[in-house]
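Visitor: Below is a structure I'd like to ask you about.
The values are calculated or read from the model by the stated rules, or taken from the named source; none is laboratory data. Given the structure is predicted, the values throughout are model-derived calculations rather than measurements. Virtual Cβ from ideal backbone geometry, glycine too; neighbours counted across all protein chains shown.
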Amino acid sequence: MNLINPRNLYRLFLLCIWLLVVLLVGESTLRIYEYIVCKTNPLILSLNNQPPWTHSESIHEARAQTIIYPPPSIIDWLTNRARFFLQLDEQDRLLFSSFYQIAILVQEDEGQHPIIYLPSPSTQNFFNGDIIVSILDKEKNIVKYYPSFTKGEMTISDLFFCPLKDETDKEFLICWYKTETIDTNETKSESDIWEIPYFEYKKHAQLPSYEFHTNNFGFRDEDIVVPKPQGVFRILCIGGSTTEEGPTEKETYPNFLEKLLIEEYKGPYKIEVINAGIPGISANKLWLRLPDFVFIQPDLVIYCEGANDITHILLPYWIKNLPQIKKFAIHFTLFRNCFPLYFLPDKDKIQEDLQKDILSYIEKIHNYLENKKIGFAIMSMPAPNYSLMSRVEKNYFQYVTRKWWGGDFINYRMYYYVLHVYNQLINEQFSDKADLYIPMYEMFQQMPPSCFNDLCHQKLKGIQKKAEVSTSFLLKYLQKLQIEDNNNAVEK
């Protein structure tokens, strides 16, 4: 058969035209359908173009915040961070400098050249001038903190220097100062609550007109007593907005959990559960906030995160590095909606990146807490079950995923598939290793999707259910600890 026969070329041309017409008709039809869905779907309309997660508005315009305890000593707070920094490898030291937005100098011996870490190449390096040297010459053996320091025309903020010894008694000098704050395009009222956006809240901060405030440690809970009172078993819940979330402070899963444990636990401990969730935080950032968590003296840390790592780090990375043909195809709504998993890497690559970018940091958190003799519990990340959704719910969850979780190229089914793989890895790696594994994802796969506001945030009934499920596992854990304590007491 002659392929260059004019008749065959004509047929091929017609086939291409036909395929192009089908593609354009399908693309146009889907875009029109999505537009109609946005205008008619009752779940979408109920949002009133607002994010599906929010805090309750305050009854009073300027509600007085109850402050019981002052923030911790800034010297103790920063020294604790410096000790943690000294244990980090080079890669984590660079991340520490970047996340905390500080320039850091590490001097091992007076005769050796110091090591300097800058958050970015554009950071002004004050360590090269005489501003730091003049201070160190006078007070190099004293822990010192300056909120603002001026010498001549140079001014820097949060200047801190601290002499330390490592585990081998080797002497170090750590010195750092604050660099420019990253512009997050937040409104003034929102930026006022952040020390470092999506990493650290200010202490005793309040969001005007909303039922939101932070405590003396910068977490969304009541003030915390440190040192921890005798007889208290302190549980610290860490993670992102799915840990912090709730219409009011009393309606978060950590607060519901505390209430349930106090009601149902009959042992000798006084139970405290602290909400240390930070919206937008990821596994590597949680790892580097660990000195602040340990400073609170928890007996058990519950870890629950994954949505931010997947939607803000991994999915954008995979889409950016798509092969050219897939990079072209993903611009079509038809392909994104009909074949979303086509734009993901193969499962081995997904597992490899999940291990490198998330689970490796969870492992570091677990090992560090174990070394400090602090219990570690891990919770699989819950999500609405796609197979249980009605057509209206599927359209709703696709809409909120596109609008608030990564743009047009992110499809809910992509996230749901990657999260499933992530939770499988969590189960395999930590169900026997951690002190406690809480199968929250598995539990919520049997729950109606209506428990969720979007791909991870939950409505009040979902938050309450999360606390109820956690309570049943924690009661068994506390009973086990009590038995161990009794056995140790008998042996002594």
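Visitor: Any residue that is part of a helix (DSSP H, G or I), among the charged types (D, E, K, R), at pLDDT 95 or above and closer than 23 Å to Glu442 by Cβ - is there at least one of those in region 394-405? Working first, answer last.
Guide: Just the residues of region 394-405 that are part of a helix (DSSP H, G or I), to begin with: 394-404.
Adding the requirement that they be among the charged types (D, E, K, R) leaves 394, 402-403.
Applying the additional criterion that residues be at pLDDT 95 or above yields 394.
In the following step, the residues that additionally are closer than 23 Å to Glu442 by Cβ were identified as 394.
Looking for residues that are part of a helix (DSSP H, G or I), among the charged types (D, E, K, R), at pLDDT 95 or above and closer than 23 Å to Glu442 by Cβ, one finds at least one in region 394-405, hence yes.
Visitor: Exactly one of these conditions fails for Lys327: (1) over 25 Å from Gln424 (Cα atoms); (2) surrounded by 19 or more Cβ atoms within 10 Å (Cβ to Cβ). Give me its number.
Guide: It is condition (2) that Lys327 fails.
Visitor: Would you pick out the residues in region 356-390 that are of a type outside the set (Asp, Glu), within 22 Å of the chain's Cα centre (by Cα) and surrounded by fewer than 15 Cβ atoms within 10 Å (Cβ to Cβ)?
Guide: Lys356, Ser360, Asn367
Visitor: Still on this structure, I have one more. Quick check on region 330-352. Is at least one of its residues without any contact (Cβ under 8 Å) to a residue 24 or more places away in the chain, in a loop (DSSP other than H, G, I, E, B) and surrounded by 13 or more Cβ atoms within 10 Å (Cβ to Cβ)? Show your work before the answer.
Guide: Residues of region 330-352 that are without any contact (Cβ under 8 Å) to a residue 24 or more places away in the chain, as a first pass: 331, 335, 338-339, 342, 346, 348-349, 352.
Within this subset, residues satisfying the condition of being in a loop (DSSP other than H, G, I, E, B) are 331, 339, 346.
Going one step further and asking which of them are surrounded by 13 or more Cβ atoms within 10 Å (Cβ to Cβ), we end up with 339.
So far as region 330-352 goes, yes, one or more of its residues are without any contact (Cβ under 8 Å) to a residue 24 or more places away in the chain, in a loop (DSSP other than H, G, I, E, B) and surrounded by 13 or more Cβ atoms within 10 Å (Cβ to Cβ).
Visitor: I've got another one for you. For region 139-197, how many residues meet the condition of being assigned to a strand (DSSP E or B) and either modelled with pLDDT of 90 or more or surrounded by 13 or more Cβ atoms within 10 Å (Cβ to Cβ) (or both)?
Guide: Narrowing region 139-197 to residues assigned to a strand (DSSP E or B): 144-151, 154-165, 171-178, 194-196.
Of the ones still in play, those that are also either modelled with pLDDT of 90 or more or surrounded by 13 or more Cβ atoms within 10 Å (Cβ to Cβ) (or both) are 144-147, 149, 151, 156-164, 171-178, 194-196.
Of the residues in that region, 26 qualify.
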